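Undergrad: Can you keep this structure in mind? I'll have questions shortly.
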Amino acid sequence: MEPVPSWPDLLRAAAPGYAELALANIRREFPAAVHYVLAGPDDRPPRPREVNPVFYGSFDWHSCVEMHWVLARLLAVLPDEVPVPLIREVLDAQFTAPGLAAEAEFVAGPAGTPQRPYGWGWALALAHEIAGCGEPRAPRWTAALRPLAAAAAARMTGWLASADYPVRHGLHPNSAFGMSRALGYARARAAGGDGALAAAITARARDWFGADAGYPGQYEPSGHDFLSPALAEAELMAQVLPPPEFGGWLDGFLPGLAGGQPAALFIPAAVSDASDGQIAHLHGLNASRAWCWRRIAARLPAGDPRAAAARAAAHRHARAALPHVAGGDYMVEHWLVAYAVLLLS
């Protein structure tokens, strides 16, 4: 049997192509998916760049935020493998104070509501990644991103206070994934003295998911999921609960993991038509499942048989997803690289 390549080795080999793809995506304004409420018969949606001077590319707003995160993450973890001067130049041009002030206004207003919580979480992940990427220009970029991060954090905190129930399906409104993407930023803010968002995420995670048991993972996936509701929830709880408590919670939530059950969570999804934007989501399901399995395994004791099963599932899903990150239809290329970098780094 061939040795399984390490995650860092896989990322190192792919990083130049991933950076090239992200750079192309953030500057590609069309085609574009725009969510716009018409106020009257003569109203017309504006072009993306008129509303979003920074995050106008990559087909839609949240995907463009993801592509900027990809660049920041690659700068942080593999600066020797990516075109650092070009990435710096592009991010300098993108992260202007006026442009990001407009993005903050977008998030704070009604147009930002459809980004709940997925886009908000990715915006906070971007701000957190930029702050910690080690780039000499990062303090300037962080200052420019501050209004956007504040707007996204306020929207997230307000939503968590008002929502009575979580969203559990495998698309953008999934509550667990958005909360998880925001958690790094929230904890960094808590370390600086502002613990409101971190406390809200932790409290809601325990409230919504703490008593879950016997999750019906055998019903996954739905036909256009790019997240696993079961594994996104487990990944969030792996970050929120202390390791011993998480192990006990996982016993009740997915009791058959050590034996590869439910089998549906261990088998990568088939993708019949990657040019169909909804069916293409299933490539992302395979990538995001792999990431979740890695994160779950890392929070279990070394000798726990569930950890070995999770690691094997992570590699199985990665093999299904990674060949499709680049070189295919734009319905995949405009976003899947974010999940590849999330998985591999």
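The values are calculated or read from the model by the stated rules, or taken from the named source; none is laboratory data. What you see is a predicted model, and the numbers here were worked out from it, not measured in a lab. Virtual Cβ from ideal backbone geometry, glycine too; neighbours counted across all protein chains shown. Accessible surface is based on the protein model in full, side chains and every heavy atom, while ligands, DNA and RNA are left aside. Shrake-Rupley method; radii C 1.70, N 1.55, O 1.52, S 1.80 Å.
Undergrad: Could you count how many residues in the range 234-271 are outside any helix (DSSP H, G or I), more than 22 Å from the chain's Cα centre (by Cα) and either touching a residue at least 40 places away in the same chain (Cβ under 8 Å) or closer than 18 Å to R289 by Cβ (or both)?
TA: Going residue by residue through the range 234-271, those that are outside any helix (DSSP H, G or I) are 241-242, 254-256, 260-262, 266-271.
Applying the additional criterion that residues be more than 22 Å from the chain's Cα centre (by Cα) yields 242, 254-256, 260-262.
In the following step, the residues that additionally are either touching a residue at least 40 places away in the same chain (Cβ under 8 Å) or closer than 18 Å to R289 by Cβ (or both) were identified as 254-256, 260-262.
Counting residues in the range 234-271 that are outside any helix (DSSP H, G or I), more than 22 Å from the chain's Cα centre (by Cα) and either touching a residue at least 40 places away in the same chain (Cβ under 8 Å) or closer than 18 Å to R289 by Cβ (or both) gives 6.
Undergrad: Kindly indicate whether A213 is of a type in the set (A, V, I, L, M, F, W, C), in contact (Cβ under 8 Å) with a residue 40 or more places away in the chain and surrounded by fewer than 17 Cβ atoms within 10 Å (Cβ to Cβ).
TA: Values: of a type in the set (A, V, I, L, M, F, W, C): yes; in contact (Cβ under 8 Å) with a residue 40 or more places away in the chain: yes; surrounded by fewer than 17 Cβ atoms within 10 Å (Cβ to Cβ): yes.
When the stated conditions are applied, A213 passes them.
Undergrad: In the range 147-169, how many residues are free of Cβ contacts under 8 Å to residues at least 40 places away in the same chain and not small (G, A, S)?
TA: Of the residues in the range 147-169, 2 are free of Cβ contacts under 8 Å to residues at least 40 places away in the same chain and not small (G, A, S).
Undergrad: Is one or more of the residues making up the range 2-14 of a type in the set (G, A, S) and either open to solvent by 60 Å² or more (accessible area, probe 1.4 Å) or part of a helix (DSSP H, G or I) (or both)?
TA: If we filter the range 2-14 for residues that are of a type in the set (G, A, S), which is where we start, we get 6, 13-14.
Add one more test, that the residue is either open to solvent by 60 Å² or more (accessible area, probe 1.4 Å) or part of a helix (DSSP H, G or I) (or both), and what stays is 13-14.
Among the residues of the range 2-14, at least one is of a type in the set (G, A, S) and either open to solvent by 60 Å² or more (accessible area, probe 1.4 Å) or part of a helix (DSSP H, G or I) (or both), which makes the answer yes.
Undergrad: Can I ask one more? At least 3 residues that are under 19 Å from L21 (Cβ atoms) and within 21 Å of the chain's Cα centre (by Cα) in each: list the helices (runs of 4 or more DSSP H) lying fully within the range 37-130 that qualify.
TA: Values: elements: 48-51, 61-77, 84-94, 97-108.
Here the list reads 61-77, 84-94.
Undergrad: Out of all the residues in the range 152-166, which are more than 19 Å from A72 (Cβ to Cβ) and crowded, with 17+ Cβ neighbours inside 10 Å?
TA: As a first pass, look at the range 152-166 and keep what is more than 19 Å from A72 (Cβ to Cβ): 154-166.
Answer for the range 152-166, where residues must be more than 19 Å from A72 (Cβ to Cβ) and crowded, with 17+ Cβ neighbours inside 10 Å: R155, M156, T157, W159, L160, P166.
Undergrad: State whether the residues of the range 235-247 include one that is under 28 Å from W335 (Cα atoms), open to solvent by less than 40 Å² (accessible area, probe 1.4 Å) and among the acidic types (D, E).
TA: First, the residues of the range 235-247 that are under 28 Å from W335 (Cα atoms): 235-240.
Going one step further and asking which of them are open to solvent by less than 40 Å² (accessible area, probe 1.4 Å), we end up with 235-240.
Subset that is among the acidic types (D, E): 235.
So far as the range 235-247 goes, yes, one or more of its residues are under 28 Å from W335 (Cα atoms), open to solvent by less than 40 Å² (accessible area, probe 1.4 Å) and among the acidic types (D, E).
Undergrad: Quick check on this structure: which one of L71, L86 is surrounded by 15 or more Cβ atoms within 10 Å (Cβ to Cβ) and either of a type in the set (A, V, I, L, M) or modelled with pLDDT of 95 or more (or both)? Spell out the reasoning first.
TA: Values: L86 fails: surrounded by 15 or more Cβ atoms within 10 Å (Cβ to Cβ).
Exactly one of L71, L86 is surrounded by 15 or more Cβ atoms within 10 Å (Cβ to Cβ) and either of a type in the set (A, V, I, L, M) or modelled with pLDDT of 95 or more (or both), namely L71.
Undergrad: Please work out which residue is farthest from L343 (Cα to Cα), limiting yourself to the range 150-209 and to residues that are part of a loop (DSSP other than H, G, I, E, B) and acidic (D, E). I'd like the intermediate steps shown before the answer.
TA: Going residue by residue through the range 150-209, those that are part of a loop (DSSP other than H, G, I, E, B) are 163-174, 192-195.
From what is left, the residues that are acidic (D, E) are 164, 194.
On the way: D164: 31, D194: 29 Å.
Of everything passing the filter in the range 150-209, D164 is farthest from L343 (Cα to Cα).
Undergrad: Identify all residues within the range 174-199 that are among the hydrophobic types (A, V, I, L, M, F, W, C), open to solvent by less than 20 Å² (accessible area, probe 1.4 Å) and out of contact with any Asp or Glu (no Cβ under 6 Å at 6 or more places or on another chain); write none if there are none. Steps first, please.
TA: Quick first cut of the range 174-199, residues among the hydrophobic types (A, V, I, L, M, F, W, C) only: 176-177, 179, 182-183, 186, 188, 190-191, 196-199.
Within this subset, residues satisfying the condition of being open to solvent by less than 20 Å² (accessible area, probe 1.4 Å) are 176-177, 179, 182-183, 186, 197-198.
Listed by number, the residues that qualify are F177, M179, A182, L183, A186, L197, A198.
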